[in-house]
Amino acid sequence: MKVHISRFDPNTDAVPHTETYDVRVEDGARILNVLDAVRDEVDPTLGYRHCCRAGQCGSCAVRINGEPGLACMEEAHENDLIEPLELPRIRDLITDIAPVMAQLAWLNPGVAGGDAPVCGCEVTHETIEEIKPLRECIECYSCISSCPAFAASEYAGPTVMRQEQRLNLDPRDCGDRIEEAIAKGLFACTTCHKCVEVCPKGIETPRKAVEKLRAEAAKRGLSLPAHRALARLVEETGRSVERKETPFLERVPNVIEPEGEVRATVGFFVGCMFNGRVIQPALDAMEVLRKNGIRVVIPKDQVCCGSPLIRTGLSGFVPELMQRNIAAFVKAGVDTVLTMCAGCGSTLKNDYDTPFRVADITEYLCEIGFVPPEKVAGTYTYHDPCHLLRGQGISEQPRELLRSVAETFVDLPARCCGAGGGVKSGHPEEAAAIGAVRAEMVKKTGADFIVTVCPFCEFHLHQVTGLPVKNIATLLLEGYRR
């Protein structure tokens, strides 16, 4: 098997370089077996970490073809590229994890004078069950290596937040874990869920740690001012966006009939941004659905889904929003509700318990079959919104639509643009830093246009790249009009 390994010796190398090795391994060999073969048979100076060989210690985490993984668990393939995690490098595949380890909090029982603990509350079965998912961490630091916020700010990273919440839940601990988490960058997390994607144990750090810590911070009045202002706006108006022009819901009828035969009937959840700030893409989406034979029912009493409140921890008003939205679509009598905002769709799917199905517009069009559009001139690339890719598991459907309409399509690896999780409003400088990394990735594609399915990404990507950013519904409508 031929593999490519990133090498770096600080004593002899000015910069890292990649070397290719040809080794013999058994069928089904893991990456760690390949590294062993290189060390034992070709180059004994190769540096890498390993210990348990059973996916339980985290020592052998590396990047395989750009994505973190445990070398002892990932199967090796011809031409694999093996690199260290994106952390400070000591040598070859060995990274300096000491600074991260120093940020990890430890149980503080608050023992006074070596006798009785200040905090000695009983640990209940319920508490154990709540803590259990946060104890699965094997400290491989794949999550921190992949975290866009860690790379662009002073954010201590996902596993540090996981540990803060683990101790926050433990009644034996006396530390102020909320204040500690805030000091370590609690409000810097974009909730992109990349950490969940790369975690060998699948720990839901954004939902089970970050959002929980933020909720407790909110109860103590420690939320960011921008987030508190947004929460007040939602409570007062039912919307997270101030009214500046006639909103979408006042421009369209309750029911939009399709062109020709009715193939399906759906409800449409517009979301705050498409209702009041980025209205044209929502109007374009209605035309796209009409041209595909879909009748659209639009309840006028729908409100904010609550996503901005949940992500920032100010979720006290969310149950009322949920109740109002569910009632609106139940009354409309639809069994499928379409969204075109990634954040709204993810919230309705993951945070609500709806008696109807929720589907993204790209998901639904590919499922029922769409009328092929004419090609539109230009070179286009696609940005995966985090709440669509990881929040809803939708990746190929937007690309299928884009390939059908774009004259030239250049794919782009997924990465958070920095607009989510309340970071753009709460820490705009960090959002800009994350966006700058994304802008460089976009630049390498040579694309004339960026296409996405999220209004927050649209705004932010245009800001950091200067390129025109189109919603996929707008591009499809251009193709249909041709």
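Each row is one residue, and each column tells you yes or no for (1) touching a residue at least 24 places away in the same chain (Cβ under 8 Å); (2) farther than 29 Å from ARG415 by Cβ; (3) open to solvent by less than 70 Å² (accessible area, probe 1.4 Å); (4) of a type in the set (Phe, Trp, Tyr).
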residue: ASN168; (1), (2), (3), (4): yes, yes, yes, no
residue: LYS208; (1), (2), (3), (4): yes, no, no, no
residue: LEU230; (1), (2), (3), (4): yes, no, yes, no
residue: LEU249; (1), (2), (3), (4): yes, yes, yes, no
Kindly indicate whether GLY466 is in contact with a helix residue (DSSP H, G or I) (Cβ under 6 Å, 6 or more places away or on another chain), modelled with pLDDT of 95 or more and at positive phi. no
Out of (1) under 21 Å from LEU389 (Cβ atoms); (2) among the aliphatic types (A, V, I, L, M); (3) open to solvent by 20 Å² or more (accessible area, probe 1.4 Å), what's the single condition that is false for ALA218? (1)
Failed condition for VAL62, given (1) farther than 17 Å from SER145 by Cβ; (2) buried (at least 19 other Cβ atoms within 10 Å of the Cβ); (3) without any contact (Cβ under 8 Å) to a residue 60 or more places away in the chain; (4) aliphatic (A, V, I, L, M), with all others met? (1)
Is there any pair with a first residue in segment 347-360 that is free of Cβ contacts under 8 Å to residues at least 40 places away in the same chain and a second that is assigned to a helix (DSSP H, G or I) and open to solvent by 70 Å² or more (accessible area, probe 1.4 Å) whose Cβ atoms are under 7 Å apart and which are 6 or more apart or on different chains, and what are they? PRO355/VAL330
Are there any helices (runs of 4 or more DSSP H) wholly within segment 202-304 with 1 or more residues that are β-branched (Val, Ile, Thr), and if so which? 225-237, 279-291
Within segment 119-139, can you find the residues that are within 25 Å of the chain's Cα centre (by Cα) and either surrounded by 15 or more Cβ atoms within 10 Å (Cβ to Cβ) or free of Cβ contacts under 8 Å to residues at least 24 places away in the same chain (or both)? GLU130, ILE131, LYS132, PRO133, LEU134, CYS137, ILE138, GLU139
Within segment 385-419, the residues that are of a type outside the set (A, V, I, L, M) and touching a residue at least 60 places away in the same chain (Cβ under 8 Å) are PRO385, CYS386, HIS387, ARG390, GLY391, PRO398, SER404, PRO413, ARG415, CYS416, GLY418
Taking segment 3-18 and keeping only residues that are open to solvent by 40 Å² or more (accessible area, probe 1.4 Å) and closer than 14 Å to ILE64 by Cα, one is left with HIS4, THR18
Mind checking whether some residue in segment 287-300 is among the acidic types (Asp, Glu) and in contact (Cβ under 8 Å) with a residue 60 or more places away in the chain? yes
Residues of segment 19-51 that turn out to be more than 17 Å from LEU93 (Cα to Cα) and open to solvent by less than 60 Å² (accessible area, probe 1.4 Å), as a count: 4
Hits in segment 178-197 (condition: surrounded by fewer than 22 Cβ atoms within 10 Å (Cβ to Cβ) and part of a helix (DSSP H, G or I)): ILE178, GLU179, GLU180, ILE182, ALA183, VAL196, GLU197
Can you confirm whether ASP353 is part of a loop (DSSP other than H, G, I, E, B), open to solvent by 20 Å² or more (accessible area, probe 1.4 Å), closer than 22 Å to PHE268 by Cα and among the acidic types (Asp, Glu)? yes
Give segment 448-464 a look and list any residue that's under 17 Å from THR379 (Cβ atoms) and touching a Gly at 6+ places or on another chain (Cβ under 8 Å), or say none. ASP448, PHE449, LEU461
Qualifying residue in segment 87-98 (condition: in a helix (DSSP H, G or I) and either open to solvent by 30 Å² or more (accessible area, probe 1.4 Å) or touching a helix residue (DSSP H, G or I) at 6+ places or on another chain (Cβ under 6 Å) (or both)): yes
Failed item, numbered, when GLU242 is tested on (1) at pLDDT 95 or above; (2) under 27 Å from the mean Cα position of the chain (by Cα); (3) surrounded by fewer than 16 Cβ atoms within 10 Å (Cβ to Cβ): (1)
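The values are calculated or read from the model by the stated rules, or taken from the named source; none is laboratory data. Since the structure is predicted, the reported quantities are computational estimates derived from the model, not experimental observations. Virtual Cβ from ideal backbone geometry, glycine too; neighbours counted across all protein chains shown. To get the accessible areas, we keep the full protein, side chains included, count just its heavy atoms, and leave off ligands, DNA and RNA. Shrake-Rupley method; radii C 1.70, N 1.55, O 1.52, S 1.80 Å.
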